[in-house]
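The values are calculated or read from the model by the stated rules, or taken from the named source; none is laboratory data. Note that the structure is predicted; figures quoted are calculated from it, not measured. Note that each Cβ is placed from the backbone with ideal geometry, even for glycine, and that neighbours are counted across all protein chains shown.
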Amino acid sequence: MRRGFGGTVQYGAWRVVSATIGRMPERVSYPLATAIGNIGYYCWPRGRRAMHANFARALRGTPREQRHQIARRSMVNYCKYLVDFVRFPNATPEALVGAVQADGAFEALDRALERGNGAIIVCMHFGNWDLGAGATAARGYPLTVVAETFSDPRLDAMIVGARERLGMHVVKLEKTGPSLLRALKQNGLLALLIDRPVPGDGVKVTFFGEEVEVPAGPARLALRTGAQLVPTAFPRVNPAKPDVTTLCDFAIETSSTGDTARDVARLTQAIMDAHERFIRAHPDQWYMFRPMWTRRAALAAPVAVAG
């Protein structure tokens, strides 16, 4: 894969950030992340406009100033997530497990796995999904995650390496194939992200009252394998620590009616309904820095959005 200028810049920036944050105590790195997040919010107009548009729809009825405060905190929380990501590969399994409040989620997961078909953990760019994944792997669950490939191979190797040190088996998005089916047939866990809009190549569902097209993969895999679909989120519970709590929905029934298209739409809608609830509860931990809805839907929205 050829290295683009943007990828080279990302790689250089990530090396500097990793080296700097890795040497800092937690009490210093979080205030730094807060400062960088605030600066990034005001200095990145394109991302800011996308967040404002997304939160105008997701938090319809919330005063404009409050929505913008939530958008700014979202950028800050994302920077804290990056700080945590740099630190986690050096954490002990005990530390990873201790940072995740499970509240019965793993007991419910064990019951779902008793059927022998595996489970598909469906996440969004929300909270600290990597910490949740690392704690799950540290508990001994075989976990496969699907990840996009960065344009610079050196950066890609660093990110993949960090996740593998957390105990995850990483499969690249463009090379999934039978790897995902194999993970589920071995009664393992498969983690996928679903909040990447794919106009023309996904399934249309309703999200916060408007149509959006998202990946159909989780639902298709569940129908093919009988795996349990589990929408999951890991919101931060302390602004000064990496600790998160676990939000899961185990109520989705993976059943087939024989109409594949309708079943895929039904299951994907159930996934998005669960994540809508998670976002409503913790809106400032949803990291969506590009438009979630299509331009056509945005133009039809009754809410004025400022950049």
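Considering the conditions (1) within 21 Å of residue 268 (Cα to Cα); (2) in contact (Cβ under 8 Å) with a residue 24 or more places away in the chain, residue 177 is excluded by exactly one of them, (2).
Taking segment 188-243 as the range and being charged (D, E, K, R) and without any contact (Cβ under 8 Å) to a residue 60 or more places away in the chain as the test, the residues that pass are 196, 201, 220, 224.
Being touching a Ser or Thr at 6+ places or on another chain (Cβ under 8 Å) and not polar (S, T, N, Q) is the filter here; which residues of segment 221-232 pass it? Please lay out each step first, then the result.
Taking segment 221-232 first, the residues touching a Ser or Thr at 6+ places or on another chain (Cβ under 8 Å) are 222-223, 226-229, 232.
222, 223, 226, 227, 229, listed by residue number.
Considering segment 97-118 alone, what residues qualify as being at pLDDT below 95 and closer than 15 Å to residue 129 by Cα? The one that is at pLDDT below 95 and closer than 15 Å to residue 129 by Cα: 102. Restricted to segment 33-58, and to residues there that are of a type in the set (A, V, I, L, M) and surrounded by fewer than 16 Cβ atoms within 10 Å (Cβ to Cβ), the residue that is farthest from residue 207 (Cα to Cα) is 35.
Residues that are of a type in the set (Gly, Ala, Ser) and either in contact with a Pro (Cβ under 6 Å, 6 or more places away or on another chain) or at pLDDT 95 or above (or both): does segment 80-91 have at least one?
Step one: filter segment 80-91 for residues of a type in the set (Gly, Ala, Ser), giving 91.
Going one step further and asking which of them are either in contact with a Pro (Cβ under 6 Å, 6 or more places away or on another chain) or at pLDDT 95 or above (or both), we end up with none.
Checked against the condition, which is being of a type in the set (Gly, Ala, Ser) and either in contact with a Pro (Cβ under 6 Å, 6 or more places away or on another chain) or at pLDDT 95 or above (or both), segment 80-91 yields no hits at all.
Do we have any residue at all in segment 119-128 that's under 17 Å from the mean Cα position of the chain (by Cα), of a type in the set (Gly, Ala, Ser), surrounded by 21 or more Cβ atoms within 10 Å (Cβ to Cβ) and within 30 Å of residue 43 (Cβ to Cβ)? Steps first, please.
Within segment 119-128, the first condition is being under 17 Å from the mean Cα position of the chain (by Cα), and the residues that meet it are 119-128.
Next, only the ones that are of a type in the set (Gly, Ala, Ser) stay: 119, 127.
Now narrow it down to the ones that are surrounded by 21 or more Cβ atoms within 10 Å (Cβ to Cβ): 119, 127.
In the following step, the residues that additionally are within 30 Å of residue 43 (Cβ to Cβ) were identified as 127.
Among the residues of segment 119-128, at least one is under 17 Å from the mean Cα position of the chain (by Cα), of a type in the set (Gly, Ala, Ser), surrounded by 21 or more Cβ atoms within 10 Å (Cβ to Cβ) and within 30 Å of residue 43 (Cβ to Cβ), which makes the answer yes.
List the strands (runs of 3 or more DSSP E) that sit entirely inside segment 199-281 and contain at least 1 residues that are surrounded by fewer than 22 Cβ atoms within 10 Å (Cβ to Cβ) and of a type in the set (Asp, Glu).
In segment 199-281, the matching strands (runs of 3 or more DSSP E) lie at 210-214.
Restricting attention to segment 157-179, the residues being in a helix (DSSP H, G or I), surrounded by 13 or more Cβ atoms within 10 Å (Cβ to Cβ) and touching a Ser or Thr at 6+ places or on another chain (Cβ under 8 Å) number 3. Just one of (1) over 18 Å from the mean Cα position of the chain (by Cα); (2) touching a residue at least 40 places away in the same chain (Cβ under 8 Å) fails for residue 274. It is (1). Does at least one position in segment 129-145 carry a residue that is in a strand (DSSP E or B), touching a residue at least 12 places away in the same chain (Cβ under 8 Å) and among the β-branched types (Val, Ile, Thr)? Yes: segment 129-145 contains one or more residues that are in a strand (DSSP E or B), touching a residue at least 12 places away in the same chain (Cβ under 8 Å) and among the β-branched types (Val, Ile, Thr). Applying the criterion of at least 1 residues that are over 25 Å from residue 145 (Cβ atoms) and of a type in the set (Lys, Arg) to the helices (runs of 4 or more DSSP H) found wholly in segment 40-125 leaves 45-58, 64-87.
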